[in-house]
Structures are given as structure tokens and as C-alpha cells.
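Chemist: What follows is a structure written as C-alpha cells; I'll ask about it next.
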Amino acid sequence: MNDALLLSSKHRYTLWRLCAWAGWVSMLGSLIAWAWVGGFVPPPRADWTASQVYQFYAGGSTGVRAGTVLTICFVCLYWVWSVAIARLMRTIEGPGGVMSTVQLVGGISTAFIIIAAQIMWMTAAFRVESRTPAEMVLLNDMGWMFMDTTFMGTVLQNCAMAVIFMLDKRKVPLIPSWVCWLTLAVAVIDFSAGLIPFFYAGPFAWHGLISFWVVFPIFFAWMAPVTHYLLKAIRRLESEETHSSSLQ
Amino acid sequence: MNMKHTNVAGQNDHLFWKLCAWAGPLYVVGSLIGWALVAGFVPPPRADWSADQVAQFFTDNSVRIRAGMVLTLLFQPLYVVWSVAIYRIMRTMEGKHGTLSMVQVLASVLNWAIIMIALVLWMTAAFRPEARSPQDIMLLCDLGWMVIDVPIMGTVLQYVALATAFLLDKRVKPLLPSWVCWLTYAVAVLYIADAIIPFFFSGPFSWHGLVSFWVVYSMYFVWMVPVSYYVLKAIDRLKSEGI
């Protein structure tokens, strides 16, 4: 596969590493933008009255708009990160493998639905004075439905990546098996997000203990070990390649 | 890159490939159960209903619509997984720099995305309908149909790319028989009927009508049956050819 590659090996690995680094930027950036600037932690509750929802968006109008715009910018980097993971998976399953593509599409899905949700909330905070409280509730509801009930793409992404990294036959696998098991556990926990249309209060409401306080922190936290070991794996493959070419 | 693959390839490779292809039939069954049976969208809420009738539909069926939409959403990504299996077959024919395979898989992502948006909009219409005005529920219902029907060009592109690549297959016995390719072109042309629903409130081209709903939606699911069958067969054939 070394034929006709115009980029030097060093450049190729640098670009790959940059894509992997997008994981850190995406994780921290969207956390700050959404939780802190947007003020979505704690989130507007499913059992709020229309006037409470109105108050949330009218009171925090500028913050919500700025936070959601920034979140969209950072979430796009999630795609880039998923490309870096797909590339690593391809070194294990070969260039013709299907699971790396499934993983990448799952990553696209995850970022896409987060963007859709931000746009709903952003619209709720846009010209608040000319909207009715009922319209605010509608837009807020839509945002949470997008964010939570479409989790299946993320589940596929996690399963595809965990399975391939587990099948890695190296003595010291590129991604440690505990990270693979964690990835599968995150996929299982994500299923609780599918219950939010049926609850207005309690742990499975969208603001609840499980569907919010467990699912969201775990999702952000999960990106940390994956990104860390992804960068380590890229370093390892680079030194293997330099080593083998210096022997020739 | 000159790195050795600690290849999963070999037996696992074809196993994953076939699993991806099986996602197609699973998608058809899951979507029909979730959307048609549980949510009760066949026959669909009509374009000529009054706001009160639409509100009535989403209020009376609130729980089953929410349950049906969540269930349907569980199966939606499988459409793309299935398209990845087809992408892989197309790449064996057109090489790793091929463009049609890429168009096919990206267009399938668009198809999946618009369906997902529509399902979420209808789910929101059925979420606390008692607190919403009939106009708001009608707005969500309309939005759902506009989203699922009008951006049909993505799906058309996927079909055209797929059929063209398989028609160019030079094997004596092609991987996808030419009748399936021509059927694919025909269905793609038919789908354009969905792009004109904003102009009709009744008749065959309204979103609940004979052509735009009954023919297009039936063909959407029926078409996947022969394609899935030959895709599964093609993977076996490619395996025996050593690809």
C-alpha cells in the first residue's frame, strides 16, 4: 500500500493524531459550551409548567443561543474523532472491513442528532418576546426527543468499535479490553434514553437521575480513555513503522 | 501505509459482512412492526384532516405512537448498516477509488436521517398532546410528512448509484440480476411522487394518497426483499471467489 503516497509518513501520522486530538477538543468544548455557557446543567425539567419553560429560555436567551452555537461547532469535531477511530479499526480489520464504516456512520449519527437538538433549543431562545409559552414547551420537548430517543446510532458506533478492538490479536492490544467493555457498558446504559417519552418525572424522565445524570456524564467521561488510548495506539503504530523501515 | 494488519479478515470478515447484510431484512420487519403496527401509521393521518381531527389522532393514540416511534427508531440505523454491506460489494467491483459506492452509502445516511427526524417530530406530537393546541399538533404532523417525503432525492441517488454499478458488472452471471437493477431505476423514478406532496391535500399525490403513500411506501419495503436476497448471495459468491 506504499505506492503513490505523496504525503510523508510523518505527515500522515500527524494528521491522524490531529483527528484523534479532536476528541479532547470536542469533549471539553461541548461540555463547557452546553453545560456552562448554555446553562443546560441542570436541564429544563420535563415536569415544568409552560411558564417555567418560558422563563428558562427568556431569562437565559443570550446564553442559550451562544451555548448552542458553540456546541454545534465542537460537536462537528466528534465526526473527525470518529474518522481517527475508523482509521485505527482498519489497521485491525483490513482495508475492506465493514465495521469501521459502521462505526463512522454511528459517529455521524451521534453528532447529527446533537446538532438537531441544539437548533430546537436555539430557536426557543430566539426572539423570545414574540413566542408563546406553549411554543417554548414544544421546541424544548422536540430538542430532548432528538437528543435522547435517537441513541441507537451511538449504540452501533460503540458496539462496532468494541468488537473490532476486542478481536485485536496482538499480545498487548491497541485498545485495552477494559476500555472495550466500558464502551459496551455505555451502549447498554444508552438504552434508558429511549424511555424518556413515557416519563414526566422520576429517574427515567429526561432530567432524571438515570436518563440525565448517569447517561450524560458517562458519555463525556467515556471519551477520555478512548481518546487517550487512541493517541497511544497511533504513537505505537508510528514507531512500529519507523522501526521496520529503518531495518530495511 | 505499510503496516501489517493483524487481520480480523478471514472468517470473521465475511461473518461481519453478512451480519451487516442481514440488517436489511431486520430493518424492514422492525420498521413495519414499530411504525405500521404499534404506532398505527397505516393508514396515515390524512392531509385533509382538520386541526381537531389531527389532534384527536395524536391524543387518542398517544402512548402507542410514542412506543411505536421509539421502537422504529431502534431499527433505523440498520438501514445504513445494510447499505455498508452493499458499499463493500460495490467496492469489490469498482475498486477502492470508486465513486458510486461512496455516493450510495452517503445517500443512505441521508435517507436514514430524514426518516429519523420525521419519527421524532411525530413522537413530539404525541408527547403531552393535552397540553398543546390542535394547531401545534397539526404543525408537528405536517413537518413530519414534509421531512420524510420531500427530501426523497437522497434515496433516489442511492438507488441510481446502486443500480448503475451493478449493471456495469461484467460477470457472465452478474451479482445483482439486471431485472433487480431495472426495478431499482423504476422505483427511483416512482419516488419523485413524494417530492410533490406540498401541493396536494387530497388525491393520489397527497401524502396519504394512492401514489405518494400506498405505492411508494409499499415499494420502499418490498424493494429491499430481492436486493437483500441477492446481496446475501453475492457475499457468499465473493467469498468463494476468494475476495
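The values are calculated or read from the model by the stated rules, or taken from the named source; none is laboratory data. Every value quoted in this text rests on a predicted model; they were computed, and no experiment measured them. All Cβ positions, even for glycine, are placed from backbone atoms using ideal geometry, and neighbour counts span all protein chains on display.
Chemist: Which one of these does B:Ala131 not meet: (1) farther than 28 Å from B:Gly203 by Cβ; (2) crowded, with 22+ Cβ neighbours inside 10 Å; (3) within 9 Å of another protein chain (Cβ to nearest Cβ)?
Modeler: So the condition that B:Ala131 fails would be (2).
Chemist: Here's a follow-up. Go through (1) touching a helix residue (DSSP H, G or I) at 6+ places or on another chain (Cβ under 8 Å); (2) over 20 Å from B:Val227 (Cβ atoms); (3) more than 12 Å from chain A (Cβ to nearest Cβ); (4) not acidic (Asp, Glu) one by one and return the number of the condition B:Thr124 breaks.
Modeler: That leaves (3) as the condition not met.
Chemist: Please indicate, with yes or no, whether at least one residue in region A:112-126 is within 24 Å of B:Lys18 (Cβ to Cβ), facing another protein chain (nearest Cβ under 9 Å) and either under 13 Å from the mean Cα position of the chain (by Cα) or in a helix (DSSP H, G or I) (or both).
Modeler: If we filter region A:112-126 for residues that are within 24 Å of B:Lys18 (Cβ to Cβ), which is where we start, we get none.
No, there is no match, as no residue in region A:112-126 is within 24 Å of B:Lys18 (Cβ to Cβ), facing another protein chain (nearest Cβ under 9 Å) and either under 13 Å from the mean Cα position of the chain (by Cα) or in a helix (DSSP H, G or I) (or both).
Chemist: Mind listing just one residue for me: the one in region A:147-203 that is surrounded by fewer than 18 Cβ atoms within 10 Å (Cβ to Cβ), within 12 Å of another protein chain (Cβ to nearest Cβ) and without any contact (Cβ under 8 Å) to a residue 24 or more places away in the chain and, of those, nearest to A:Val105 (Cα to Cα)?
Modeler: A:Met166
Chemist: Please determine whether any residue of region A:211-221 is in a helix (DSSP H, G or I), closer than 25 Å to A:Pro42 by Cα and small (Gly, Ala, Ser).
Modeler: For region A:211-221, residues in a helix (DSSP H, G or I), closer than 25 Å to A:Pro42 by Cα and small (Gly, Ala, Ser): present.
Chemist: Among A:Trp16, A:Trp21, A:Trp36, A:Trp81, which is the only one that is modelled with pLDDT of 95 or more and exposed (fewer than 14 other Cβ atoms within 10 Å of the Cβ)? So that I can check it myself, show each step before the final result.
Modeler: Values: A:Trp16 fails: exposed (fewer than 14 other Cβ atoms within 10 Å of the Cβ); A:Trp21 fails: exposed (fewer than 14 other Cβ atoms within 10 Å of the Cβ); A:Trp81 fails: exposed (fewer than 14 other Cβ atoms within 10 Å of the Cβ).
Result of the check over A:Trp16, A:Trp21, A:Trp36, A:Trp81: A:Trp36.
Chemist: If the requirement is being surrounded by 20 or more Cβ atoms within 10 Å (Cβ to Cβ), within 14 Å of another protein chain (Cβ to nearest Cβ) and either of a type in the set (Phe, Trp, Tyr) or at negative phi (or both), which of these qualifies: B:Met102, B:Met116?
Modeler: B:Met116
Chemist: Could you please tell me which pairs satisfy a Cβ distance under 8 Å, a separation of 6+ or placement on different chains, a first residue in region B:140-158 that is of a type outside the set (Gly, Ala, Ser) and surrounded by fewer than 22 Cβ atoms within 10 Å (Cβ to Cβ), and a second residue that is modelled with pLDDT of 95 or more and not in a helix (DSSP H, G or I)?
Modeler: Hits for this filter: zero, empty list.
Chemist: Taking the condition of being in contact with a Gly (Cβ under 9 Å, 6 or more places away or on another chain) and either crowded, with 22+ Cβ neighbours inside 10 Å or modelled with pLDDT of 95 or more (or both), how many residues in region A:95-109 meet it? Outline the logic, then answer.
Modeler: Step one: list which residues in region A:95-109 are in contact with a Gly (Cβ under 9 Å, 6 or more places away or on another chain), which gives A:105-109.
Next, only the ones that are either crowded, with 22+ Cβ neighbours inside 10 Å or modelled with pLDDT of 95 or more (or both) stay: A:105-107, A:109.
Residues in region A:95-109 being in contact with a Gly (Cβ under 9 Å, 6 or more places away or on another chain) and either crowded, with 22+ Cβ neighbours inside 10 Å or modelled with pLDDT of 95 or more (or both): 4 in total.
Chemist: Next question, about the same structure. Quick check: is even one residue across region B:56-63 more than 25 Å from the chain's Cα centre (by Cα), outside any loop (DSSP other than H, G, I, E, B) and within 14 Å of chain A (Cβ to nearest Cβ)?
Modeler: Among the residues of region B:56-63, not one is more than 25 Å from the chain's Cα centre (by Cα), outside any loop (DSSP other than H, G, I, E, B) and within 14 Å of chain A (Cβ to nearest Cβ), which makes the answer no.
Chemist: Then there is this: Going by the structure shown, is B:Gly95 within 12 Å of chain A (Cβ to nearest Cβ) and at positive phi?
Modeler: Numbers: within 12 Å of chain A (Cβ to nearest Cβ): yes; at positive phi: yes.
Here the answer is yes, as B:Gly95 does meet what is asked.
Chemist: In this structure, does B:Ser31 turn out to be surrounded by 17 or more Cβ atoms within 10 Å (Cβ to Cβ), more than 27 Å from A:Ile196 (Cα to Cα), at pLDDT 95 or above and in contact with a helix residue (DSSP H, G or I) (Cβ under 6 Å, 6 or more places away or on another chain)?
Modeler: On the way: surrounded by 17 or more Cβ atoms within 10 Å (Cβ to Cβ): yes; more than 27 Å from A:Ile196 (Cα to Cα): no; at pLDDT 95 or above: yes; in contact with a helix residue (DSSP H, G or I) (Cβ under 6 Å, 6 or more places away or on another chain): yes.
No.
Chemist: Also: Among the residues of region A:166-197, what is the count of those that are charged (D, E, K, R) and either in a helix (DSSP H, G or I) or in contact with a helix residue (DSSP H, G or I) (Cβ under 7 Å, 6 or more places away or on another chain) (or both)?
Modeler: From region A:166-197, those charged (D, E, K, R) are A:168-171, A:190; that's our starting set.
After this cut, where a residue has to be either in a helix (DSSP H, G or I) or in contact with a helix residue (DSSP H, G or I) (Cβ under 7 Å, 6 or more places away or on another chain) (or both) as well, the list is A:168, A:190.
Within region A:166-197, residues that are charged (D, E, K, R) and either in a helix (DSSP H, G or I) or in contact with a helix residue (DSSP H, G or I) (Cβ under 7 Å, 6 or more places away or on another chain) (or both) number 2.
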